[in-house]
Every structure is written in structure tokens, then in C-alpha cells.
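Pasting a structure here, questions to come.
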């Protein structure tokens, strides 16, 4: 079923301009995840805090493919994952367990992005986790946490351990499960996932080469955050890459703004 066939009424004008912009960016992020082939059918989530409302969030309508999601189809929920508007679409409260735990303590994170990619899960199952094998890896390793697998994320008592393992970092590897990133903007969370997924893909290929590997010097990793600021001219990688990503999306899968 296409987005056109779904005939979703527009919410533009029914919400604040700030919320509408967040809806547009979040819908774009969902479609970009599908475009980059990081999606897992209708599973996993990207959540974003509603501007000016600390305890309200936007999330995907459960059952829609990521490439179908629009700004108007996103569902507004509370910290328990309960719907706060009259959306005809269901949500998956269990899927918001991880996101709600992080949003509750990381008020600097507007967006939480979680994936189940093949390369991400493959590296999450490797005992050594992320290895310092690439230039991209230095940025991930400079802000990376790990969380041990406790089964499908349904239990409330897992939340304290999850947020403790993330701490103040931007990247979290969920062992035997997948990847998670946070960001002060949706664009930053997406760029972080691009780096994370790229690092895992490079690592899987490098290990498959059956050759001795060269590791990046730990001293370089220690200075990665400062180098990132220089490379992005202090404005952040998300702000630099997001306009181009939206242009690519407009060429290949427009309609997310509706």
C-alpha cells in the first residue's frame, strides 16, 4: 500500500510550526533509513521530542513501512508510549521502552534512533565490539557505550542499566541486538547512525579479509571530538549534511512532507 493510497489527512496548521518542522524532519529520517536499507520491516523506531514539551514525543505509526511515513502520520505519545492524539494508527508501546528510558534522562537528546542492521548486529555479537580500524571508527569510539542483551526490551527494570550504559555518550551498541544513536537534532542522530553503520560495515569486511589488521593509535581517538569540530567548522555534521540528504530524498522518495 502506498502513502497515497493511505490518504492520510494533513496535520499542518493543526500543530505548532515547531512541531510541524520536527514532524517533517522525523518523517525524512524514517525514509532515509529505508533508503539506506537500515530498516527492519516495521520494527525499530526513531523518536523525537516535541519542541517545548519535555514529556511528549513523536514516533512511527505501527504497521507502516519506513518509506511510507509522512509528517502527518507520525503519532504523538507520552512517556509510557500512549497516544495523545486521535491518530487512527496504533503504536507499539513495547518498542518505546528503550527510547523512553533515554529521553527521560538525556534532555539534550531531541532524537533517539535505533536500528537492527545486519552489519550492526554482527559487530554487536563480536566479543571485542567496535575495533579502531577506520577513520570513521575514531568518532564512534570516542563516544561509545555498550549494553548487554537482556532479551526483548519489554521490562521496565532494564531501563536504569540501559541509561547507565549510555551515560553521556552519543553511540550505544546493544549487544546481540543492534545500534542506537542520540543527537541534539534529528539530523545529528541520523549522521551518527550513518557513521556507526559505516564503521560496522568496514569492520565486517576487514575481518573477512583474513589478514593482520592495523589499529588506529588510541591517542588519535582521544582527540577525535576536537577533530570533528574542526572538520564540521563548529556547526555540527548534521547541519552540514542534512540539506543534501533531503535533496536526495526529494529525488528518490518525496512525499514525506505531507
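The values are calculated or read from the model by the stated rules, or taken from the named source; none is laboratory data. This structure is a prediction, so every number in the text was calculated from the model and none was measured. Here the Cβ positions follow ideal geometry from the backbone for every residue, glycine too, while neighbour counts run over all protein chains shown.
Given the conditions (1) surrounded by fewer than 19 Cβ atoms within 10 Å (Cβ to Cβ); (2) within 30 Å of residue 217 (Cβ to Cβ); (3) without any contact (Cβ under 8 Å) to a residue 60 or more places away in the chain, report the number of the one that residue 88 does not fulfil.
Single failed check for residue 88: (2).
Consider residue 167 carefully, then state whether it is out of contact with any helix residue (DSSP H, G or I) (no Cβ under 7 Å at 6 or more places or on another chain), free of Cβ contacts under 8 Å to residues at least 40 places away in the same chain and farther than 18 Å from residue 116 by Cβ.
Yes; evaluated as a whole, the condition is true for this residue.
Another question, if that's okay. Could you tell me whether the stretch 18-27 includes any residue that is more than 18 Å from the chain's Cα centre (by Cα), surrounded by fewer than 20 Cβ atoms within 10 Å (Cβ to Cβ), modelled with pLDDT of 95 or more and over 30 Å from residue 155 (Cβ atoms)?
yes
Out of curiosity, is residue 212 closer than 17 Å to residue 132 by Cβ and more than 14 Å from the chain's Cα centre (by Cα)?
yes
Run residue 122 past the list (1) more than 15 Å from the chain's Cα centre (by Cα); (2) crowded, with 20+ Cβ neighbours inside 10 Å; (3) not in a loop (DSSP other than H, G, I, E, B) and report the number of the one that doesn't hold.
(2)
Right, here's the next one. Being in contact with a helix residue (DSSP H, G or I) (Cβ under 7 Å, 6 or more places away or on another chain) and within 12 Å of residue 64 (Cα to Cα) is the filter here; which residues of the stretch 40-51 pass it?
45 - this is the single residue of the stretch 40-51 that is in contact with a helix residue (DSSP H, G or I) (Cβ under 7 Å, 6 or more places away or on another chain) and within 12 Å of residue 64 (Cα to Cα).
With the condition kept exactly as written, say whether any residue in the stretch 62-71 is farther than 24 Å from residue 238 by Cβ, in contact with a strand residue (DSSP E or B) (Cβ under 9 Å, 6 or more places away or on another chain) and modelled with pLDDT under 95.
Yes, the stretch 62-71 contains a residue that is farther than 24 Å from residue 238 by Cβ, in contact with a strand residue (DSSP E or B) (Cβ under 9 Å, 6 or more places away or on another chain) and modelled with pLDDT under 95.
Separate question: Restricting to the stretch 64-85, what's the tally of residues that are out of contact with any helix residue (DSSP H, G or I) (no Cβ under 9 Å at 6 or more places or on another chain) and buried (at least 19 other Cβ atoms within 10 Å of the Cβ)?
Total meeting the criteria: 1.
Just one of 61, 51 is surrounded by fewer than 23 Cβ atoms within 10 Å (Cβ to Cβ) and farther than 24 Å from residue 94 by Cβ; which is it?
51
Also, quick follow-up: Please name all residue pairs, on different chains or six or more residues apart, with Cβ atoms under 9 Å, provided the first residue is in the stretch 30-56 and is touching a residue at least 24 places away in the same chain (Cβ under 8 Å) and on the phi > 0 side of the Ramachandran plot and the second residue is assigned to a helix (DSSP H, G or I) and surrounded by 15 or more Cβ atoms within 10 Å (Cβ to Cβ).
41/66; 44/33; 44/66; 44/95; 52/19
Show me the helices (runs of 4 or more DSSP H) entirely contained within the stretch 140-245 in which 2 or more residues are surrounded by 15 or more Cβ atoms within 10 Å (Cβ to Cβ).
Ranges flagged: 159-166, 186-208, 224-231.
Please specify each residue of the stretch 41-50 satisfying the condition of being in a strand (DSSP E or B) and modelled with pLDDT under 95.
Result: 43, single match.
Which of the residues spanning the stretch 51-90 are closer than 19 Å to residue 104 by Cα and outside any loop (DSSP other than H, G, I, E, B)?
Those that are closer than 19 Å to residue 104 by Cα and outside any loop (DSSP other than H, G, I, E, B): 57, 58, 59, 75, 76, 77, 83.
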